[in-house]
Structures are given as structure tokens and as C-alpha cells.
1. Within region 178-205, which residues are among the charged types (D, E, K, R) and within 19 Å of the chain's Cα centre (by Cα)?
2. Which residues, taken from region 141-173, are of a type in the set (S, T, N, Q) and over 22 Å from Ala98 (Cα atoms)?
3. I'm checking my understanding of the structure. Among residues of region 1-22 that are more than 17 Å from the chain's Cα centre (by Cα) and more than 25 Å from Asn93 (Cβ to Cβ), which one is surrounded by the most Cβ atoms within 10 Å (Cβ to Cβ)?
4. If you check Thr89, Thr70, Thr79, which single one turns out to be modelled with pLDDT under 95, closer than 29 Å to Thr131 by Cα and of a type in the set (Ser, Thr, Tyr)?
5. Within region 209-227, is there a residue that is more than 24 Å from Pro27 (Cβ to Cβ), surrounded by fewer than 17 Cβ atoms within 10 Å (Cβ to Cβ) and in contact (Cβ under 8 Å) with a residue 24 or more places away in the chain?
6. Has region 16-30 got at least one residue that is at pLDDT 95 or above, closer than 24 Å to Gln141 by Cβ and assigned to a strand (DSSP E or B)?
7. Is there a residue in region 180-200 that is more than 25 Å from Gln168 (Cβ to Cβ), surrounded by fewer than 20 Cβ atoms within 10 Å (Cβ to Cβ) and touching a helix residue (DSSP H, G or I) at 6+ places or on another chain (Cβ under 9 Å)?
8. For Val42, only one of the following conditions fails: (1) touching a residue at least 12 places away in the same chain (Cβ under 8 Å); (2) in contact with a strand residue (DSSP E or B) (Cβ under 8 Å, 6 or more places away or on another chain). What is its number?
Amino acid sequence: MNFWLSQGDLGKNAKFAFSGRAGGVSPPPYDSLNIANWVGDVDENVFRNLAILQSLVPAPIHFMRPEHSTKSIEVFDKTLPSSADILFTRSSNIALAAPSADCVSVVAASQESEFLLVAHIGWRGAVQKITHVISSIFDQQEINPLKVSMSLGPAISGRYYEVGEEIQTQVAAVLPESRTTTHLGRPGLDLRAGIAHYFKNLGCELLNDQPCTFSDQRLFSHRGDGVTGRQAAVAWLK
């Protein structure tokens, strides 16, 4: 079985992969490769799913537990999952992973040096300018954004991501290109469009061709399914 929804290279120095629902052991509504133990799934099933995911990756995976914040952590070794929305490392023996079920996963790597970053971005993080925090990390780590390869993971599309006008306005104040109208003609957000525009303006090489979590049955969607699991975005240095 091909457990990965998609996978590829982040420039010459790193690789990434996005998982979907298939390939795990969890029963409905977490069927089946749920990697989150905070959504109601049985811990034993989640641990088995994590072991399956780990078997596919050549380095120990350090997972994040998102807080919908801008908290960032530099990872030096495989420890317990970090409560954060940004993880980064310069270690070639560590893989980084972010869970999602509608929010945007970001994986990025430098083309010039050993540097890897993953992030989880929802509307709350967007309002708190998590994109700008990532840019600041590039600066602090002396990473040239013109030499960064980045991919955005599966996320809910603007066609289905309905929000109130107040939330739409708050997000659009930071990421104007995220403002959209849903298929029902209501206020919506296309977070991937807003995030992609921001990082393209910095000069990053960017891929943004992953499917919509709401409409693609291969993926978990909190908006679409309610109680459900989480898929993973994983990246590692070669």
C-alpha cells in the first residue's frame, strides 16, 4: 500500500511527504491513519499509526501538537511532542511533522544549508502573523528566502471554508489574498492562497497543488467530518 498521499523534494537538501486517511489501524471516525491522540481516538491505535508512519521515514520524527499560536521551537533531538505551531532544525537525523485536518501545513528547507522548518497555520495563527514569525526565523537563522523551497499541504479550500465577516476581515488584514467567497456566496478564506502569496513575495520557491481536505475523501476534515482524525506533513533533511 502507498501510505503517502504525495511526496517530493524540497530543493536538493530535503524531502517531504503528506499522509492521508489510508494505511492505519484506527476505526471510524478516525479511519484509519490518525496520528493525533487528542481527538478522541484510542491511544494504542494512535501509537500504532505513529509507528507505521515512522517506518516510512529514515529519521526519528518529532511531532508538534498545535496550539493555534505563533510559538516556535528549535528541535535538536527526538523528544516528546512539542506544543507549538512552528518547528525547525539544523539536524540531519531528525524529521519534523505537523498534523492537520483543514489547517495549512507548511514544510520548508534551505537550498544552501541544513535547515528545515514545518508549521501549522489556521486562521488564528494567520491573524497573529505566524507567516511573519516564520520570516523572522529565516532572518535569525541567516536563511536567504530566495533559496528556500516550500510546499503547502492539503487544506480546506476557499470554496468551502466559510467564516464570519469579522474573522475574514482580521485574516485579510494580514494576508489579503486569503479573502474569498464560498460556493454558497458567503464570506470565506483561502488560507493557502494568502500564505502562498506572502512567501512568494519573499522569493521562496513554492508548491501549492495539494487537494482540498473538505472535498477529498482521502483526507481528514474537521469541517467536513466533525469528530475525525489528523493527517501528517513530514519533512526531513537528506
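The values are calculated or read from the model by the stated rules, or taken from the named source; none is laboratory data. These numbers come from a predicted model, not from an experiment. Backbone-built Cβ (ideal geometry, glycine too); neighbour counts: all protein chains shown.
1. Of everything in region 178-205, those that are among the charged types (D, E, K, R) and within 19 Å of the chain's Cα centre (by Cα) turn out to be Asp190, Arg192, Lys200, Glu205.
2. Within region 141-173, Asn144, Gln168, Thr169, Gln170 qualify.
3. Filtering region 1-22 for residues that are more than 17 Å from the chain's Cα centre (by Cα) and more than 25 Å from Asn93 (Cβ to Cβ), the one surrounded by the most Cβ atoms within 10 Å (Cβ to Cβ) comes out as Ala22.
4. Thr79
5. There is no residue in region 209-227 that is more than 24 Å from Pro27 (Cβ to Cβ), surrounded by fewer than 17 Cβ atoms within 10 Å (Cβ to Cβ) and in contact (Cβ under 8 Å) with a residue 24 or more places away in the chain.
6. Yes, the conditions are met somewhere in region 16-30.
7. No - not one qualifying residue is present in region 180-200.
8. Of (1) touching a residue at least 12 places away in the same chain (Cβ under 8 Å); (2) in contact with a strand residue (DSSP E or B) (Cβ under 8 Å, 6 or more places away or on another chain), only one is false for Val42: (2).
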